[in-house]
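Below is one structure, written out as structure tokens, with a few remarks after it.
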Amino acid sequence: MKWKLRIPMMLFIFGLVSGIYQYYPNIIVFKENYLLNSLQFLASIGIPIYILEKTQINEKQVNFLFGILLIFSGVIIDYLMI
């Protein structure tokens, strides 16, 4: 069974960026302004997803188990970096 890489890569990026922001809280530039803090977080998620869309990496077909493994690795990265 084949699966496009779009959804697994998006969920992996969500977990990776969330884990990085939890492990390195000093990476946040705008600490006192909640709106700018949220925009920075959304930009750090949106830019890699945009790059993956433009380079057509998300259109590749992969095995279903590899997609599930990619999703679980993003979740595990998020939980281990608390």
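List of remarks:
- Pairing each residue of the range 34-54 that is more than 18 Å from residue 12 (Cβ to Cβ) and without any contact (Cβ under 8 Å) to a residue 60 or more places away in the chain with any residue that is aromatic (Phe, Trp, Tyr) and open to solvent by less than 90 Å² (accessible area, probe 1.4 Å), provided the two are 6+ apart or on different chains, yields C-beta distances under 7 Å for 36/30; 37/30; 40/30.
For every residue, the table says whether it meets (1) modelled with pLDDT of 95 or more; (2) farther than 17 Å from residue 7 by Cα; (3) touching a Cys at 6+ places or on another chain (Cβ under 8 Å); (4) of a type in the set (Val, Ile, Thr).
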residue: 31; (1), (2), (3), (4): no, yes, no, no
residue: 38; (1), (2), (3), (4): no, yes, no, no
residue: 47; (1), (2), (3), (4): yes, no, no, yes
residue: 53; (1), (2), (3), (4): no, no, no, no
residue: 57; (1), (2), (3), (4): no, no, no, yes
residue: 60; (1), (2), (3), (4): no, no, no, no
residue: 67; (1), (2), (3), (4): no, no, no, no
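- Tally of residues being open to solvent by 70 Å² or more (accessible area, probe 1.4 Å) and among the charged types (D, E, K, R) across the range 60-82: 1
- Checking each residue in the range 35-66 for being in contact with a strand residue (DSSP E or B) (Cβ under 9 Å, 6 or more places away or on another chain) and either on the phi > 0 side of the Ramachandran plot or aromatic (Phe, Trp, Tyr) (or both) picks out 64, 66.
- Residue 3, sole failed condition from (1) part of a helix (DSSP H, G or I); (2) out of contact with any Lys or Arg (no Cβ under 6 Å at 6 or more places or on another chain): (1)
- Qualifying residue in the range 6-16 (condition: in a helix (DSSP H, G or I), free of Cβ contacts under 8 Å to residues at least 24 places away in the same chain and not small (Gly, Ala, Ser)): no
- Members of the range 38-78 found to be in a strand (DSSP E or B) and of a type in the set (S, T, N, Q), listed by number: 61, 63
- Test: residue in the range 24-39 that is β-branched (Val, Ile, Thr) and surrounded by 15 or more Cβ atoms within 10 Å (Cβ to Cβ): no
- Residue match in the range 26-33 (condition: assigned to a helix (DSSP H, G or I), of a type in the set (A, V, I, L, M, F, W, C) and touching a helix residue (DSSP H, G or I) at 6+ places or on another chain (Cβ under 7 Å)): yes
The values are calculated or read from the model by the stated rules, or taken from the named source; none is laboratory data. All values derive from a computational prediction rather than experimental measurement. Methodologically, a virtual Cβ is constructed for each residue, glycine included, from the backbone with ideal geometry; neighbour enumeration extends over all protein chains shown. Accessible surface is based on the protein model in full, side chains and every heavy atom, while ligands, DNA and RNA are left aside. Shrake-Rupley method; radii C 1.70, N 1.55, O 1.52, S 1.80 Å.
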